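The structure under discussion appears below in the form of structure tokens.
Values quoted throughout were computed directly from the atomic coordinates according to the rules given, and no laboratory measurement underlies them. As the structure is a prediction and not an experimental result, all values here were calculated from the model. In this analysis, Cβ positions are derived from the backbone assuming ideal geometry, glycine residues included, and neighbour counts consider all displayed protein chains.
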Amino acid sequence: MKKWVLLLVVLLLPLASGCQSVQPASAQAVPEMMGLRREVQLLNLINGLELTPDQMRFIIEKAQEVQEMREELQAEASVEEMAGVLEKFKTTLMAGENVPPDLIDRFHTLKVQLEAAEDNYKSEVMYIAGEVEEILEEYQLYALEQYIPCVIPPEGELRVGQARGTGGEAVLERLRALPDEQFERHEEAIARRVLGRIREHLHGALLILDEEAELERIADLIEEARSLSDVEFELQKEDLVEELLAPYEAARPQRGTTATIARHLLDPAIIPLLEEKLARE
């Protein structure tokens with residue numbers, strides 16, 4: 001029951017009307033501060049994803065759909081009736097009396113209706129999030145998997161559009177700079193270190209049946225990168241990183257990209273932010 005009281009608070013709060021007591025300035029400042037904090041978090045995400053104007057327009061459209069669905073959920077007749085039932089619960093219990101069986105039955109009926117409405121809402125939101133997911137680039141999806149809401153991004157953190165591959169390219173560039181003699185003498189140790197870094201990134205979620213063969217594959221790929229001219233390397237470095245990481249894609253931890261999109265990119269608070277961004281284009 002506690003869960004449903006909390007749900008009703010969330011659903012009914014925007015519907016409250018009529019006269020309200022004036023809150024102290026400090027109490028009024030708290031929701032304003034939280035709203036600004038959320039806007040800053042979303043702006044960090046928007047800027048980091050480097051969304052194109054077309055992507056921003058599409059996300060605005062889908063976030064508006066979700067906003068309309070949320071308003072419809074809040075307007076459900078069963079929501080208002082549940083509030084009335086809980087008010088009767090409160091009055092009855094305040095008087096020290098037992099809640100009538102018919103009122104308990106009505107509570108359970110409404111609870112089932114609200115659960116069904118909420119489940120339907122969540123399913124529709126996830127479907128819309130899937131539509132947004134389809135228009136995003138791979139590097140944007142990867143960044144969303146790693147996304148943690150923050151007001152101040154960690155110092156030195158790259159824009160998420162540069163997140164995937166840049167680290168691997170930098171490693172290959174450093175290995176290309178090694179003198180031939182040094183690389184040949186430590187080739188196996190270097191390959192082991194690269195494999196170790198990959199294991200760390202995947203938090204150990206990696207099963208290699210033939211480690212020696214994998215070390216040889218990594219060493220061969222590094223040799224290929226070292227054999228290229230500077231121009232050839234610039235043209236092929238992204239493909240080399242993809243080839244290096246390809247066997248490990250299945251082990252890469254997934255963090256529910258669709259759910260992240262639903263929670264953040266479809267938050268109604270993002271609509272005015274994206275609209276202002278587009279106006280500045």
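Test of understanding: what is the full-extension gain from residue 173 to residue 106, defined as 0.36 nm times their sequence separation minus their Cα-Cα distance?
Difference between extended and current length: 17.3 nm.
Could you give the length gained on full extension between residue 43 and residue 151, defined as 0.36 nm per residue of separation minus the Cα-Cα distance, in nm? Additional length available on full extension: 38.0 nm.
If I take R0 = 45 Å and measure r between the Cβ atoms of residue 189 and residue 259 in this structure, what FRET efficiency does the formula 1/(1 + (r/R0)^6) give, to the nearest 0.05? Given R0 = 45 Å and the Cβ-Cβ separation, E is 0.65. Once the C-beta distance of residue 120 and residue 276 is scaled by a Förster radius of 41 Å, the resulting FRET efficiency is 0.80 to the nearest 0.05.
Annotation: peptides 41-50, 267-276, ranked by per-residue average of other Cβ atoms within 10 Å with the highest first, follow the order 41-50, 267-276. Near residue 128, once Lys and Arg are set to +1 and Asp and Glu to -1 for all other residues with Cβ below 12 Å from its Cβ, the sum equals -4.
Using the Cβ-Cβ distance between residue 138 and residue 181 with R0 set to 35 Å, the FRET efficiency from 1/(1 + (r/R0)^6) comes to roughly 0.35.
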